[in-house]
Amino acid sequence: MLSWWLFVGAGVLILVACSLLYNRLVKLRNRVDNAWSQVDVQLRRRYDLIPNLVATVKAYATHESETLAAVVKARDGARSAATIEQQGRAESALTGAIGRLLAVAEAYPELRSEKRFADLQEELARTEDKISVSRHIYNDTTLNYNDAVSTIPSNLVARLTGLSARDYFQAEERSRNTPEVKW
């Protein structure tokens, strides 16, 4: 009779422990989702700035249509990325295209002195900083979640419930540094 109660007690204890581990994993997963939504907000803000920047440059640099088209294409590619890995590649391409657009602006002194262009460039720089902070928070949150999903005993609960590690949001090596434009 006593062994039966020990068996039931151990079963209840295991069930409670698994429930606590599962709840912890769900909370961590929700934090990752929330952190990604913050990155997404900043990326959308960046996407909204790009048409205005392109239109301003277009008014002064009409024969730079290839560069302008590359920026628009890179923006569209970034907006349509389906996974975080694809988003990282698309953002790298977009960063490169924006860098080339800003480099084009160097050849047009009247564009550089245009207040609207300077304001847009400043807003873009602030947005890039916010993206960087959001990306850092997302990757830290993802690290905590991935650690929980990968370590014993929570990895057993994760495997049973279908929870798996998440991808980090990484820029490609060539776009880690934003090109500097000298005025």
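The values are calculated or read from the model by the stated rules, or taken from the named source; none is laboratory data. In this text the structure is predicted, and so the values were computed from the model without any measurement. Backbone-built Cβ (ideal geometry, glycine too); neighbour counts: all protein chains shown.
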Quick one: count up the residues across the range 153-183 that are part of a loop (DSSP other than H, G, I, E, B), at pLDDT 95 or above and aliphatic (A, V, I, L, M). 2
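For (1) of a type in the set (A, V, I, L, M, F, W, C); (2) under 20 Å from Y138 (Cα atoms), each residue gets a yes or a no:
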{"position": "F7", "(1), (2)": "yes, no"}
{"position": "R29", "(1), (2)": "no, yes"}
{"position": "A35", "(1), (2)": "yes, yes"}
{"position": "K73", "(1), (2)": "no, no"}
{"position": "A90", "(1), (2)": "yes, yes"}
{"position": "G99", "(1), (2)": "no, no"}
Give the number of residues within the range 80-120 that are hydroxyl-bearing (S, T, Y) and touching a residue at least 12 places away in the same chain (Cβ under 8 Å). 4
Picking from R89, R75, which residue would you name as being in contact with a helix residue (DSSP H, G or I) (Cβ under 6 Å, 6 or more places away or on another chain) and surrounded by 14 or more Cβ atoms within 10 Å (Cβ to Cβ)? R75
Can you find even one residue in the range 57-64 that is surrounded by fewer than 13 Cβ atoms within 10 Å (Cβ to Cβ), farther than 30 Å from D167 by Cβ and of a type in the set (D, E)? no
The one condition L43 fails out of (1) under 19 Å from the mean Cα position of the chain (by Cα); (2) of a type in the set (A, V, I, L, M, F, W, C); (3) surrounded by fewer than 18 Cβ atoms within 10 Å (Cβ to Cβ) is (3)
Determine if the range 57-65 includes at least one residue that is out of contact with any Pro (no Cβ under 9 Å at 6 or more places or on another chain), modelled with pLDDT of 95 or more and over 23 Å from K115 (Cβ atoms). no
Condition set surrounded by 13 or more Cβ atoms within 10 Å (Cβ to Cβ) and charged (D, E, K, R), scope the range 13-32, selection nearest to the chain's Cα centre (by Cα): answer is R31
Pairs needed: first member in the range 41-69, under 28 Å from S134 (Cα atoms); second member anywhere, surrounded by fewer than 19 Cβ atoms within 10 Å (Cβ to Cβ) and of a type in the set (G, A, S); C-beta distance under 7 Å; at least 6 residues apart or different chains. none
Picking from L6, L2, L101, the residue that is modelled with pLDDT under 95, over 30 Å from S150 (Cα atoms) and crowded, with 18+ Cβ neighbours inside 10 Å would be L101
